[in-house]
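Only one structure is covered here, and it is reproduced in the block below.
Every read-out reported here was derived from the displayed coordinates using simple, explicitly stated rules and does not represent laboratory data. Here the structure is a predicted model, which means the values were calculated and not measured. We place every Cβ from the backbone using ideal geometry, glycine too, and count neighbours over all the protein chains shown.
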Amino acid sequence: MLDICDSYAIDYDVKFNCEKSAALRIGPRHCYSCAELTLSGKPLVYVTSIKYLGVYVTSAKRFKCLYDHVKLKFYTAFNAMYYRSRCSNSELVTVELLKSYCLPLLIYAVESSAPSKKVISMLDKCADAAVRKIFRVSSSDNCAFIRTCLGLYHIKDFVRKRTSKFMYNLVTKQFPNDVVQIGLGKLFDFYDFNDSCFSVFF
């Protein structure tokens, strides 16, 4: 495949930057050494993780993404927003800013990166920490009640909605609509046949 890329580069006068190119291994033998891969006559460096469109993919037995940077971005954005919104003396204003500017950082590309239950729980704890700080509560029950009243649902609900919408848009380009409805109804118990636009929470 790399030889085909080389021949394409020669035919169309394209030059690959090998210093910015890398190889990432995913599979049962990802931790074993293997032969060098060369591009434009230069060897590619094997890396343990790579960033693509804002998503960090890591080398593992199966496809897996990293989310530590997501938590860092969320807390950075929330602390900056919370510091500036305190002068409004309104928790609801802060919550709306949280929904608009901070929450999208938590659920960015979750529909395609397939986060595990552990990752979803970690992301939900970030939202819990923000709500606790805004309303100055410590009880988990109080935090859950406030989130329900304000429409700050569990992160797993956002993931389910966004995944269903992503799959719907992906499949409808390949199959008729009636086949799509039957298939999604079997795959996702949360698929709503009456909700053709798959409305999300914000």
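One table, with the values for the structure above:
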read-out	value
Most positive-pole-ward Cα, Leu53, Tyr32, Ala130, against dipole of the chain from beta carbon charges	Ala130
Compactness of segment 77-155 - radius of gyration and Dmax, Cα, Å	12.7, 39
Percent of beta bridges antiparallel (DSSP, the chain, rounded to nearest 5)	75 percent
Segment 67-159: Lys pairs at Cα distance under 21 angstrom, eight or more positions apart or on different chains	20
The chain: relative contact order in percent, alpha carbon pairs under 8 Å with at least 6 residues between	13 percent
Enclosed volume per residue, in Å³, of the convex hull spanned by Cα atoms of the chain	193 Å³
Long-range amide H partners of Tyr46 with built H, under 5 Å	Ala23
Given charges at beta-carbon only (K, R positive; D, E negative), |dipole| of the chain in Debye	740 debye
Rg to Rh quotient for segment 2-65, alpha carbon positions, Kirkwood Rh	1.02
